[in-house]
Every structure is written in C-alpha cells, then in structure tokens.
Amino acid sequence: MTYSSQPALDVYQKPDGPVGIGGWLILPILHLCGSIVLTLINLYGIVSEWSGIKAIIMGGNDKLVALRLPLAISSILGVAVLILACVCLYRLFARSPTVPRLMTFFYVGMVVATLGDVAADNMMASILGSSTDPDNVRDLLRVTVAAAIWIPYFNRSRRVANTFRAREAAVDRKIGEVF
C-alpha cells in the first residue's frame, strides 16, 4: 500500500546497468546456433544411413533388435535438443521474460542429453563388442562446465535482468531497497 507522501513505484524507470542483447549474452546465442547446426549434422546421419536404420527398426537378428533402444535414445534426445535450442533462440530475440528459466532448462537438458548419448554409446559398444567413443568424457565435461557458467549468468546477470525482466528487475530493486 502506498501513501500519498510516498512516490508510486515507477516500473518504467531507466534500468541501471547494461540492457540489450550484447556483451556476454552473445556467447550463449552462438552456443544455441552451434547446437542447432551440430544437432542437424548428427541427425543427418539417420537420413544418410537410412538402410542401416531401417534394418535396426525391422530387427533381422538379436543384435539389431538390441540396437533399437540406443538408437531411440540418441534420436529422441537429438530432436529434443534441436527443438529446445530453436525455442530458446526465438525467445531470446523476442526478449521474453521466460528466457532465464528457459535457458536454465536448456543447459540442464544439454547435460541430460549428453549423459543419454554416453549411455547409448555404452549400450551400443557392449552390444557390438566395440570400444566407446573416447570423446564422451570431454563432451560431458564441456556441457557441465557450460551449464556451471551460464545457469548462474542467466539467473544473476544485471544485463539479463534488464533485458528480459525489465519490469520485474525494477520491482526487485525496489523491494531490495526496502529490506
């Protein structure tokens, strides 16, 4: 409740700090674009090797039937990452207030998708009697470090708050002044 002696809360005041898509915010945008391109390249393998994929789906022998689960895990996670990255990129440029939560979900999803790909690779290696991809640990470490850097950035950065949550950021500052 405001009293006549107190000024009303001006949520349209000029934000303090940087505003807009720029600064360090460019790096997550590049990461989203790179994720889209790399996921499309990886999913192209399904199209280019369609005869092998079709044989796995049809299941001519026990090994081919056993390969269905790793193929499904990898394909579903790839499509999910592609869709989520496109949605995040759209929301970033639309300056939606849901961007901080959505990007947090994206980075957690990238860790989960990488863990799923590692599990699918381990399943395929055990089924085929081959070795796993040596880049699995590097990929898992890369997405974990990215999540550890960018999740706090999207939840604590003044630029992110001013760009995507301008009205909420003004209210947060006003509440912070009270307490």
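When the dipole is taken about the Cα centre of region 28-179, and only Lys, Arg (+1) and Asp, Glu (-1) are charged at their Cβ, what size is it in debye, to the nearest 20?
820 debye
Collect residues whose amide H, placed 1.01 Å from N in the peptide plane, falls under 5 Å from the amide H of S157; neighbours closer than 5 in sequence don't count.
Amide H neighbours of S157, under 5 Å, 5+ apart: none.
Rounded to a whole number, what % of the accessible area of region 35-124 do carbon and sulfur atoms account for, probe 1.4 Å?
On the way: 3750 of 5170 Å².
Solvent-exposed carbon and sulfur of region 35-124 make up 73 percent of the total.
If you filter region 32-123 for trypsin sites (Lys or Arg not before Pro), then keep DSSP loop positions with at most 16 other Cβ within 10 Å, what is left? Write down the numbers at each step before the final one.
Values: sites: K54, K63, R68, R91, R95, R101; in loops: R95.
Hits after loop and neighbour filter: R95.
The values are calculated or read from the model by the stated rules, or taken from the named source; none is laboratory data. Keep in mind that what you see is a predicted model, and the values were worked out from it rather than measured. Glycine also receives a Cβ, built like all others from the backbone with ideal geometry; neighbour counts cover every protein chain displayed. To get the accessible areas, we keep the full protein, side chains included, count just its heavy atoms, and leave off ligands, DNA and RNA. Shrake-Rupley method; radii C 1.70, N 1.55, O 1.52, S 1.80 Å.
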